[in-house]
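Undergrad: Below you'll find the structure I mean.
The values are calculated or read from the model by the stated rules, or taken from the named source; none is laboratory data. Quantities reported herein were computed from a predicted structural model and do not represent experimental measurements. Because the Cβ atoms are built from the backbone with ideal geometry, glycine has one as well, and the counts that use them run over all protein chains shown. Heavy atoms of the whole protein, side chains included, go into the accessibility calculation; ligands, DNA and RNA do not. Shrake-Rupley method; radii C 1.70, N 1.55, O 1.52, S 1.80 Å.
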Amino acid sequence: SMVADLLVHNANLFTVDSSSSTHRPGAVAIAGGRIVAVGADEEVRAAVRAEREIDVRGAVVHPGFVEGHVHISEHLIRGSLNPEEFAWDETLIWSTLWHNAMEAEDEEAASRLACLEMVRNGTTCFLEPGTVFEPDAAATAAEAVGIRGSVADCYLWDLGAISRDQPTITRAPADTKRCLRERGNELKRNNDADALVRGL
């Protein structure tokens, strides 16, 4: 029999494979962070010996959702800005002031909150398009939570900020030399095929 780290069984399992197969009850076995068996509960349990088993008692098990665009470090801003009190340009200015006050520790805390919230809602992978100033902070948070992600280089703009009236974001000035220096830095994350966080 196959050895696995985890066996999730007695599930209402939706595989979302090419034939949209379902298994009721179904089971999923995981070893080394990878799915190694999926199928009918009886068949998988007969073929797999796991260190840990979870009986989900008929709960739905399905592939995780992918969040295709999330500003992962902006979760701490919620509740501090009431959009009804600001015009669009004023909101952008306020947001810039917020970004200028952020430090790596704040970004990691905000990223952990975002990752926990995503996992709680069934999201298992995200794409951060380059709005986190310290990609390492976002990666550290994702790894701690156990969610997969992709991070891009920070704010690669060199023609000015989002709005003509917006103050400069000091940690990511609109500067061509800075953009060329930062471009491609996050691709280093792709050297490890098993990394939870990859670079764009």
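Undergrad: Would you work out what percent of the accessible area of the chain, with all protein chains in place, is carbon or sulfur (probe 1.4 Å)?
TA: Solvent-exposed carbon and sulfur of the chain make up 51 percent of the total.
Undergrad: Give me the extension gain from residue 183 to residue 121: residue separation times 0.36 nm, minus the current Cα-Cα distance, reported in nm with one decimal.
TA: Once the chain is fully extended between residue 183 and residue 121, it gains 19.1 nm.
Undergrad: Once the Cβ-Cβ distance between residue 57 and residue 1 is put in as r, and R0 is 22 Å, what FRET efficiency do you end up with, to the nearest 0.05?
TA: According to the calculation, E is roughly 0.40.
Undergrad: Here is a further query. Can you give me the relative contact order of the chain as a percent, contacts being Cα pairs under 8 Å and 6 or more apart?
TA: It comes to 17 percent, rounded to a whole number.
Undergrad: What does the net charge come to around residue 178 if you take all other residues with beta carbon closer than 11 Å to its beta carbon, with K and R at +1 and D and E at -1?
TA: Neighbourhood net charge equals 0.
Undergrad: Determine the order of 156, 13, 127 by accessible area, beginning with the largest, at a probe radius of 1.4 Å.
TA: 156, 127, 13
Undergrad: Oh, and also: Of 5, 194, which has the most accessible area and how do the rest follow, probe 1.4 Å?
TA: 194, 5
Undergrad: Heavy-atom accessible area per residue, the chain, 1.4 Å probe: how many Å²?
TA: 58
Undergrad: For the range 104-200, which trypsin sites (Lys or Arg not before Pro) are both in a DSSP coil and crowded by at most 10 other Cβ atoms within 10 Å? Don't skip to the answer; put the middle values down first.
TA: On the way: sites: 112, 120, 148, 164, 171, 177, 178, 181, 183, 188, 189, 198; in loops: 164, 171, 183.
For trypsin sites (Lys or Arg not before Pro) across the range 104-200 that sit outside H, G, I, E and B with at most 10 neighbouring Cβ atoms in 10 Å, the list reads 164.
Undergrad: With viscosity set to 1.002 mPa s and temperature to 20 °C, compute the Stokes-Einstein D of the chain, Rh being the Kirkwood radius across alpha carbon pairs; µm²/s, no decimals.
TA: Value of D from the Cα-based Kirkwood radius: 111 µm²/s.
Undergrad: Please work out the FRET efficiency for the pair residue 17 and residue 170, using the Cβ-Cβ distance as r and a Förster radius of 41 Å; give the result to the nearest 0.05. Write out the running numbers ahead of the final one.
TA: On the way: r = 48 Å, r/R0 = 1.18.
Result of the calculation: an efficiency of 0.25.
Undergrad: Here's a follow-up. Between 0 and 90 degrees, rounded to the nearest ten: what's the tilt of helix 135-145 against the longest Cα principal axis of the chain?
TA: That helix lies at roughly 30 degrees to the long axis.
Undergrad: Take every DSSP beta bridge with both residues inside the chain and express the antiparallel ones as a percent of the total, to the nearest 5.
TA: So the antiparallel bridges amount to about 40 percent of the total.
Undergrad: Between residue 78 and residue 101, what's the calculated FRET efficiency when r is the beta-carbon distance and R0 is 22 Å? Round to 0.05.
TA: 0.90
Undergrad: Around residue 61, what is the net charge, scoring Lys/Arg as +1 and Asp/Glu as -1 over all other residues with Cβ under 15 Å from its Cβ?
TA: Its environment carries a net charge of -1.
Undergrad: In terms of solvent-accessible area of protein heavy atoms at a 1.4 angstrom probe, what is the ranking of 154, 125, highest value first?
TA: My answer, sorted largest first, is 125, 154.
Undergrad: Here is a further query. What is the sum of charges around residue 37, taking Lys and Arg as +1, Asp and Glu as -1, for the other residues whose C-beta is under 15 Å from the C-beta of residue 37?
TA: Taking every Cβ under 15 Å from that of residue 37, the sum is -3.
Undergrad: Next question. What's the angle, to the nearest 10 degrees (0 to 90), between helix 88-101's Cα axis and the longest principal axis of the chain?
TA: 80
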